[in-house]
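*Asks:* Just dropping this structure here.
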């Protein structure tokens with residue numbers, strides 16, 4: 001009986017150890033999620049943005065986005081006329097610029113403005129910036145969940161000390177099969193769910209995973225913004241000088 005007891009104990013230790021060994025650490029899951037999203041050397045994306053109010057009324061916009069690695073990003077609006085030429089430039093060291101074509105002026109975005117709405121959308125300037133979540137958040141694995149036949153890791157992300165965010169925490173849903181972050185829940189300073197970003201139609205374009213649709217829903221305003229990818233190009237060898245104030249002012253066709 002004693003021998004059987006020891007055998008069962010050893011079996012339980014082995015099973016528990018195997019399960020633990022198969023579950024990556026929260027830090028590794030987040031690093032993998034960053035790596036998947038920022039995998040292309042550079043990317044050029046044509047986007048349709050759809051702003052939807054609580055009555056279902058829509059406003060449509062077309063924009064282009066360029067990104068190099070995980071630290072440089074530029075966005076320019078192409079349509080409609082009231083936003084055409086409006087540009088946003090995100091650079092390393094938390095430097096952001098906004099180009100206002102009506103005034104032909106470039107303004108640096110101050111820290112207190114970064115958490116305000118980007119061009120009337122449900123994304124803030126900070127949301128629209130390129131990001132490595134690993135650099136700005138401390139992750140904790142809080143569980144797993146199955147949805148639509150796929151298994152996900154659930155990570156709770158708390159801003160690192162010294163990092164200022166309007167969100168008290170994020171909860172990121174990361175697919176187990178390819179580490180793509182498919183959902184991010186944003187919580188306000190009181191700990192209440194404020195915004196939810198969903199990524200859909202996740203496909204592999206060449207060797208890179210990409211979401212064909214991203215939707216940010218503001219639960220307080222009952223407003224949402226969809227971003228649909230019309231066209232994407234990868235690894236075109238974009239030069240560093242492209243991500244400059246000079247190119248931010250340049251008109252796009």
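The values are calculated or read from the model by the stated rules, or taken from the named source; none is laboratory data. All figures in this text were calculated on a predicted structure; none of them were measured in a lab. Virtual Cβ from ideal backbone geometry, glycine too; neighbours counted across all protein chains shown.
*Asks:* Failed condition for residue 246, given (1) more than 30 Å from residue 57 (Cα to Cα); (2) without any contact (Cβ under 8 Å) to a residue 60 or more places away in the chain; (3) in a loop (DSSP other than H, G, I, E, B), with all others met?
*Replies:* Going through (1) more than 30 Å from residue 57 (Cα to Cα); (2) without any contact (Cβ under 8 Å) to a residue 60 or more places away in the chain; (3) in a loop (DSSP other than H, G, I, E, B) one by one, residue 246 breaks only (3).
Here's the yes/no breakdown for (1) at pLDDT 95 or above; (2) in contact with a strand residue (DSSP E or B) (Cβ under 6 Å, 6 or more places away or on another chain); (3) under 28 Å from residue 235 (Cβ atoms):
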residue: 20; (1), (2), (3): no, no, no
residue: 36; (1), (2), (3): yes, yes, yes
residue: 41; (1), (2), (3): yes, no, yes
residue: 53; (1), (2), (3): yes, yes, no
residue: 59; (1), (2), (3): yes, yes, no
residue: 65; (1), (2), (3): yes, yes, yes
residue: 82; (1), (2), (3): no, no, no
residue: 97; (1), (2), (3): yes, yes, yes
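*Asks:* Can you tell me which residue is farthest from residue 39 (Cα to Cα) among those in segment 237-249 that are loosely packed, with under 13 Cβ neighbours inside 10 Å and out of contact with any helix residue (DSSP H, G or I) (no Cβ under 9 Å at 6 or more places or on another chain)?
*Replies:* This residue is 246.
*Asks:* Among residues belonging to segment 183-196 that are surrounded by 14 or more Cβ atoms within 10 Å (Cβ to Cβ) and more than 14 Å from the chain's Cα centre (by Cα), point out the one that is farthest from residue 140 (Cα to Cα).
*Replies:* Ranking the candidates gives 194 first.
*Asks:* Within segment 133-162, work out how many residues are in contact with a helix residue (DSSP H, G or I) (Cβ under 7 Å, 6 or more places away or on another chain) and either more than 18 Å from residue 188 (Cα to Cα) or not in a loop (DSSP other than H, G, I, E, B) (or both).
*Replies:* Summing the residues that are in contact with a helix residue (DSSP H, G or I) (Cβ under 7 Å, 6 or more places away or on another chain) and either more than 18 Å from residue 188 (Cα to Cα) or not in a loop (DSSP other than H, G, I, E, B) (or both) in segment 133-162 gives 9.
*Asks:* Another question, then. Mind checking whether some residue in segment 204-215 is more than 15 Å from the chain's Cα centre (by Cα), assigned to a strand (DSSP E or B) and without any contact (Cβ under 8 Å) to a residue 40 or more places away in the chain?
*Replies:* The answer is yes; a qualifying residue exists.
*Asks:* Restricting the search to segment 110-120, which residues are in contact (Cβ under 8 Å) with a residue 24 or more places away in the chain and in contact with a helix residue (DSSP H, G or I) (Cβ under 8 Å, 6 or more places away or on another chain)?
*Replies:* Matches in segment 110-120: 115, 118.
*Asks:* All but one of (1) part of a strand (DSSP E or B); (2) over 22 Å from residue 132 (Cα atoms); (3) touching a residue at least 24 places away in the same chain (Cβ under 8 Å); (4) out of contact with any helix residue (DSSP H, G or I) (no Cβ under 7 Å at 6 or more places or on another chain) hold for residue 54; state the number of the condition that does not hold.
*Replies:* Of (1) part of a strand (DSSP E or B); (2) over 22 Å from residue 132 (Cα atoms); (3) touching a residue at least 24 places away in the same chain (Cβ under 8 Å); (4) out of contact with any helix residue (DSSP H, G or I) (no Cβ under 7 Å at 6 or more places or on another chain), only one is false for residue 54: (1).
Let's see how each residue does on (1) under 19 Å from the mean Cα position of the chain (by Cα); (2) surrounded by fewer than 16 Cβ atoms within 10 Å (Cβ to Cβ); (3) at pLDDT 95 or above:
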site: 143; (1), (2), (3): no, yes, yes
site: 147; (1), (2), (3): no, yes, no
site: 155; (1), (2), (3): yes, no, yes
site: 162; (1), (2), (3): no, yes, no
site: 181; (1), (2), (3): yes, no, yes
site: 198; (1), (2), (3): yes, no, yes
site: 217; (1), (2), (3): yes, no, yes
site: 227; (1), (2), (3): yes, no, yes
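*Asks:* Within segment 106-127, can one find any residue that is surrounded by fewer than 15 Cβ atoms within 10 Å (Cβ to Cβ), more than 13 Å from the chain's Cα centre (by Cα), part of a strand (DSSP E or B) and modelled with pLDDT under 95?
*Replies:* no
*Asks:* Hey, another quick one. Going by what's in this entry, would residue 228 be described as out of contact with any helix residue (DSSP H, G or I) (no Cβ under 7 Å at 6 or more places or on another chain), more than 29 Å from residue 24 (Cα to Cα) and not in a loop (DSSP other than H, G, I, E, B)?
*Replies:* yes
*Asks:* Same structure, new question: Going by the structure shown, is residue 130 surrounded by 14 or more Cβ atoms within 10 Å (Cβ to Cβ), out of contact with any helix residue (DSSP H, G or I) (no Cβ under 8 Å at 6 or more places or on another chain) and without any contact (Cβ under 8 Å) to a residue 12 or more places away in the chain?
*Replies:* In short, no.
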